[in-house]
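The numbers here are math on the coordinates, done by the rules we state, and not lab data. None of the values given here were measured: they were computed from a predicted structure. For neighbour counting, all protein chains shown are included, and Cβ atoms are generated from backbone atoms with ideal geometry for every residue, glycine included.
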Amino acid sequence: MCATGLNKSLENDQRLNSQQVFNSCYELDELYRFVERKANTETWENVYLMTMVSRLPRRIVGFDVAYDKSPERIQAMVDRVPWAKAYYSDGWSGYKDVIYPGKYMQNFHNKNDTFTVEDVNADLRCYIPILVRRSRCFARTIETLYAVVAVFVDAYNAFGTAKMRWRLLMIKAIFPLAWLFSYNICFCPRPNRNKSLQILSLYCILIIGG
C-alpha cells in the first residue's frame, strides 16, 4: 500500500510538471438510476452517472454514464479534462484507486468538501425527468440517458458562464454608486441618508439575487 501511494505521488509530480494547471479544485460524485427495467436492489439502480464539477466557475467539467462506477472509468474522466490543483470526493472507496494530477482529499464524515457537486447533482435530478427518484419517467437505453445528460450539461454550463459574467459586470458597476452613496451617507441630512441606504440595499439584493 505504501509503495502504491508513493508511485502515485511520483506520477502526480511528473504530470503536474508536464502540463499547466487550469483550475483550483474539482469535486467528484455519482448518482444512480435505472434504464430499461428496475434492478433487484434496494434502490433499483443499474446505471451510474458520474460527475466532476469545478467550484469556480461552477461548471460540469466531466461526466460519464455507465453500468458500473469502476476506478478505470473515473480515471478516464479525470484524464479527459484540464487538470486541477485539488480534487475532493466522498467516502466511496473507488476514488482512492484513481491517480489524480493534483492533491486528493477524501471526506468520510460529511459533505463539506463536496457541497458543489452535490448541489449540481440535485439540479440534474430536478431538471431531468428520467433522473428523478420515484418517477414514472426512465430511459429505455443507456445511450438515451447519455444524450440527454450531454445536452443538459452544455446548456447548464452556458447558463452558468453567462450568469458569472453578468455578476462581474454588475460588481464593476456598483463601485461608482457605492462611492456616491457613501458620500451621501456621510455628508447629507438624515432623511436623504436613509433613502440612500435603502437604494443601495435594494441594488445589492438585485445583484446578489440575480
When Ile142, Ile74 are arranged by how many other beta-carbons sit within 10 Å of their Cβ, fewest first, they go Ile142, Ile74
Measuring from a point 7 Å past the Cα of Asp79 along Cα-to-C-beta, which residues in segment 91-119 have an amide N at less than 17 Å? 95-102
Amide H to amide H, which residues 5 or more places from Trp83 or on other chains are under 5 Å from it, using H placed in the peptide plane? Phe22
Starting with the fewest neighbours, write out Lys96, Lys69 ranked by other beta-carbon atoms found within 10 Å of each beta-carbon. Lys96, Lys69
Least to most buried among Thr161, Thr51 (fewest other Cβ within 10 Å first): Thr161, Thr51
Per the C-alpha gyration tensor (a ≥ b ≥ c, the square roots of its eigenvalues), segment 63-129 is rounded if a/c is under 1.5, else prolate if a/b beats b/c, else oblate; here it's oblate
Each residue of segment 120-137 in order: what ³J(HN,Hα) in whole Hz does its phi give by Karplus 6.51 cos²θ - 1.76 cosθ + 1.60, θ = phi - 60°, with x for Gly and Pro? 5, 4, 5, 5, 4, 5, 6, 9, 10, x, 6, 9, 5, 5, 6, 10, 7, 8
